[in-house]
Amino acid sequence: MLTQTELHNFEGKLLDRKVQIEKNLRGTTLELEEMRELELNDEGDFAAASAETIVDSAILTQQRKELSEIELALDKIKKGTFGVCEMCEEPIGLARLKVKNFARFCITCREISEKKQK
């Protein structure tokens, strides 16, 4: 089980990352809106803008997904279930949580989950 200090540290890291992602999302959304308003003079401009928009959209999607994982982890801290695997209900290793603060599964169950998704 995690100590109060460890929980507090994870909560701080999650909140910092949440603020950063929200800032990134606002910035990228503004950039996309500005690009839509630009007058594109030729096919080259349009192709470059389209490729950039696709990449930005993929980044936005990934960041939104991470944000929802972070919010779920913060909720688990409040409920006292943070650091417990959602599948086997065993503690998630501290080393895994340090690498992925919002991990929902222990390493064994994560591998099972990924195999099921394929």
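Results, tabulated for the structure shown:
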| item | result |
| --- | --- |
| Long-range amide H partners of V84 with built H, under 5 Å | I92 |
| Listed residue pairs exceeding 18 Å between alpha carbons, taken from K23/K65; K18/K115; K23/K79 | K18/K115; K23/K79 |
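Bear in mind these aren't lab numbers, they're just calculated from the coordinates by the rules spelled out. Quick caveat: nothing in here was measured; it's all calculated off a predicted structure.
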